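Colleague: Would you mind keeping the following structure in view while I ask a few things?
The values are calculated or read from the model by the stated rules, or taken from the named source; none is laboratory data. Note that the coordinates shown come from a computational prediction; the quantities given were computed from them, not determined experimentally. Cβ: placed from backbone, ideal geometry, glycine included. Neighbour counts: every protein chain shown. Just the protein is used for accessible areas: all its heavy atoms, side chains included, with ligands, DNA and RNA removed. Shrake-Rupley method; radii C 1.70, N 1.55, O 1.52, S 1.80 Å.
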Amino acid sequence: MKKIIYILLFAVTFMGCEDYLDKSPVTEQTEESFYRTEDDMFRALIAAYEPLQRNWGESLQITMDIVSDDAYGGGGSATDGVSGKKADRGTTTASEGMWSAMWNDHYAGVYGANIFLEKVDASEMSEELKTQFKGEALFLRAYYYSNLVRLFENIPLITKTLSTSQYSQAAAPVDDVYAQIASDLETSIAYLKDVTYSDDEKGRITEWAPRALLARMYLFYDGVYGSKNASSTMPGDVTGSDVLNYLNEIITNSGADLLPDFGNLWGHADVTNSWVENSIEGIFEVQFSNQGEGWQWYNAPFDIGNKMVVFVGPRGTNADSEYYSGWGFSPATQQLYDSYQDGDLRRDFTLLDMIEELGAGNFEEADQYTGYLNKKYAGLKSQVPDVGQEQLNFPQNYISIRYADVLLMAAEMEFHIGSNATAAIHYNKVRGRAFESYSPVSSVTLDQIFEERKLEFALEGIRYWDLLRRGMPVLESAVQATNLGGIYDSAVNSAARGFWPIPTTEIALSNFVLEQNDGY
């Protein structure tokens, strides 16, 4: 799907601004003449994919790492990345720009999906392609809403483009949002049945991604609003048995599997000599490229590289280092390093040990220095292209959903409503890859499954959600246990119940029909 990214320059131009569409561009392309051909609709679909790439430093993944027990804020100084540090300390406010950015980026994705779904049936495409493209758009809308509802909980549910008289939208009941997510994902599964892509289109949504996302959302709903033992029914009439069936379909029929070498998942080809993107393990990967030719910051058409890579990389690396000199955000906690047992191969591919790998004096200590950084996504000099702006142009994909997650979600579901022996099989497969010598277990506990999730998905933006769905006491205990004193303190705003503030700007734009979340 890397080639698809280049079409964003055109797709976003046509989709991004209705004022522009009211004018007569040089090409004579207007809203009335667009959305007709297969090429038009393909560009419109890619416009719905595009907001996935908007991952600036205080965006979803890095922020969720910082507010978990995986990491602190970091950056160049105590005044760098203050918004993330305030969130980590439980003192964030609704006026912080990062919440507005996350809100706006995700609703831009919702808008792109909505307008595509409204226009596609009247286009000149074949019915087969219409169905396939709708399956992709429905997944994307559900994906954006899955993040919005887990971040902010009380959000507007918008499933169509709005007239100006409809802009004042109140928050929908939470159950309505989950029901819409379930509906979109189940329809996406049906529409994408048996759809495959050519090698240069890998990265587009397949039928397996909505199954996995529905399982992720069920487990979150069950943990936060339900029984915590998979006996709940998620709105949309999704049961634990449904979810386990979806996961088993992925395991049995998708062809997905674990890569034999955990290290090959990440961009360190110089270390593993075999970096694999869009692999058999990647159920859903956000695509990035290092071929953006623009030199503009915060300009969506040129945002085709993974910006987070430079944010989490080590500062001040020397000329001989394989690591591109980054900005030192999201330093990993000592407790995360200590969580790995001796012999766990994942530790050295997850955490960049600054002294051991770079050597004393060969880097700058960032703020909130711990000695460890996010190695999975730290940029390499070998990735830097000859075009565009270096910091915008790292090609490393963000693996949003991996097969390892499918296995551990299935283990969790089997533990609750299936077979503990089967749960142990899934657990053993994930844990067994992490050790050169491993003795499988015949049964597994829920605590073991969650600990394995922590070790497997560390610094991938997943840990916070896992803590929250286990309950506020678990979240509070884990985050506050990372305290090292002073500026390193981490804390939870307990009154907010683990959710984040509705941006002040959005409350005002809604004419105050949106109400602020508790705790802010």
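Colleague: Which three lengths, in whole Å and largest first, does region 461-520 cover when its Cα atoms are put on their principal axes?
Modeller: The Cα atoms of region 461-520 stretch 42, 27, 21 Å along their principal axes.
Colleague: First select every other residue whose beta carbon is under 14 angstrom from the beta carbon of GLU249; then total the charges, Lys and Arg +1, Asp and Glu -1. Walk me through the intermediate numbers first.
Modeller: Working: positive: LYS193, ARG211; negative: GLU186, ASP194, GLU207, ASP242.
With Lys, Arg at +1 and Asp, Glu at -1, the neighbours total -2.
Colleague: A follow-up question, please. Using θ = phi - 60° and the Karplus relation 6.51 cos²θ - 1.76 cosθ + 1.60, list the HN-Hα couplings for region 278-287 in order, rounded to whole Hz, with x at every Gly or Pro.
Modeller: Going residue by residue, I get 6, 8, 5, 8, x, 6, 8, 10, 7, 7 Hz, with x marking Gly and Pro.
Colleague: Show me, for region 141-151, the HN-Hα J-couplings you get by feeding each phi into the Karplus relation (A = 6.51, B = -1.76, C = 1.60, θ = phi - 60°), rounded to Hz, glycine and proline as x.
Modeller: 4, 5, 5, 4, 5, 4, 6, 4, 6, 6, 6
Colleague: A follow-up question, please. What number results when the radius of gyration of region 168-261, computed over Cα atoms, is divided by 2.2 N^0.38 Å?
Modeller: Numbers: Rg = 15.1 Å, N = 94, 2.2 N^0.38 = 12.4 Å.
Taking N as the residue count of region 168-261, the ratio is 1.22.
Colleague: So which of LYS193/LYS376; LYS193/LYS228; LYS134/LYS375; LYS130/LYS202; LYS130/LYS376; LYS160/LYS193 end up more than 27 Å apart by C-alpha? All intermediate terms of the calculation are to be shown ahead of the outcome.
Modeller: Values: LYS193/LYS376 32 Å; LYS193/LYS228 31 Å; LYS134/LYS375 36 Å; LYS130/LYS202 19 Å; LYS130/LYS376 37 Å; LYS160/LYS193 25 Å.
The pairs that break the limit, which is 27 Å between Cα atoms, are LYS193/LYS376; LYS193/LYS228; LYS134/LYS375; LYS130/LYS376.
Colleague: Now, a different point. If you plug each phi of region 449-454 into the Karplus form 6.51 cos²θ - 1.76 cosθ + 1.60 with θ = phi - 60°, what whole-Hz ³J(HN,Hα) values come out, in order, with x for Gly and Pro?
Modeller: These are the phi-based 3J(HN,Hα) values: 5, 5, 5, 5, 4, 4 Hz.
Colleague: Return the Rg/Rh value of region 121-220, two decimal places, where both radii are evaluated on C-alpha atoms and Rh is the Kirkwood radius.
Modeller: Working: Rg = 14.9 Å, Rh = 14.7 Å.
My calculation of the ratio gives 1.02.
Colleague: Regarding region 187-236, what is the average projected area of its C-alpha convex hull, in nm²? The partial results should precede the final answer.
Modeller: Values: hull surface 16.6 nm².
Result: 4.2 nm².
Colleague: Okay, moving on. Accessible area per residue for the chain in Å², computed with a 1.4 Å probe and the full protein assembly in place, what is it? List each step's numbers first, then the result.
Modeller: Values: 19430 Å² over 520 residues.
Per residue, the chain has an accessible area of 37 Å².
Colleague: What's the percent breakdown of Cα-Cα distances in the chain across 20 Å bins, shortest bin first?
Modeller: So the P(r) values, bin by bin, are 23, 60, 18, 0.
Colleague: Net charge near LEU138: determine it from the other residues with C-beta under 15 Å of the C-beta of LEU138, scoring Lys and Arg +1 and Asp and Glu -1. Don't jump to the answer; show the numbers that get you there.
Modeller: On the way: positive: LYS119, LYS130, LYS134, ARG141, LYS160, LYS193, ARG204, ARG211; negative: GLU118, ASP121, GLU136, ASP184, GLU186, GLU207.
Its environment carries a net charge of +2.
Colleague: Looking at region 338-452, what % of the alpha carbon pairs are farther apart than 23 Å?
Modeller: Numbers: 3219 of 6555 pairs.
Counting every Cα pair in region 338-452, those more than 23 Å apart make up 49 percent.
Colleague: Would you please give the residues with an amide H less than 5 Å from that of ILE283, counting only those at least 5 places away or on a separate chain, with H modeled from the backbone geometry?
Modeller: ILE401, ARG402, TYR403
Colleague: Tally Lys/Arg at +1 and Asp/Glu at -1 over every other residue whose Cβ is under 14 Å from the Cβ of GLU207; what's the total?
Modeller: Values: positive: LYS134, LYS193, ARG204, ARG211; negative: GLU136, ASP184, GLU186, ASP194, GLU249.
The answer is -1.
Colleague: Translational D (Stokes-Einstein, µm²/s) of region 391-520 at 25 °C and 0.890 mPa s when Rh comes from the Kirkwood sum over C-alpha pairs? Can you show the working numbers first?
Modeller: Working: Rh = 17.7 Å.
Taking Rh from Cα pairs, D becomes 138 µm²/s.
Colleague: So how strong a dipole does the chain carry about its Cα centre when Lys and Arg Cβ are +1 and Asp and Glu Cβ are -1, to the nearest 20 debye?
Modeller: Numbers: 38 positive and 75 negative charges, 125 e Å.
Using Cβ point charges on Lys, Arg, Asp and Glu, the chain gives about 600 debye.
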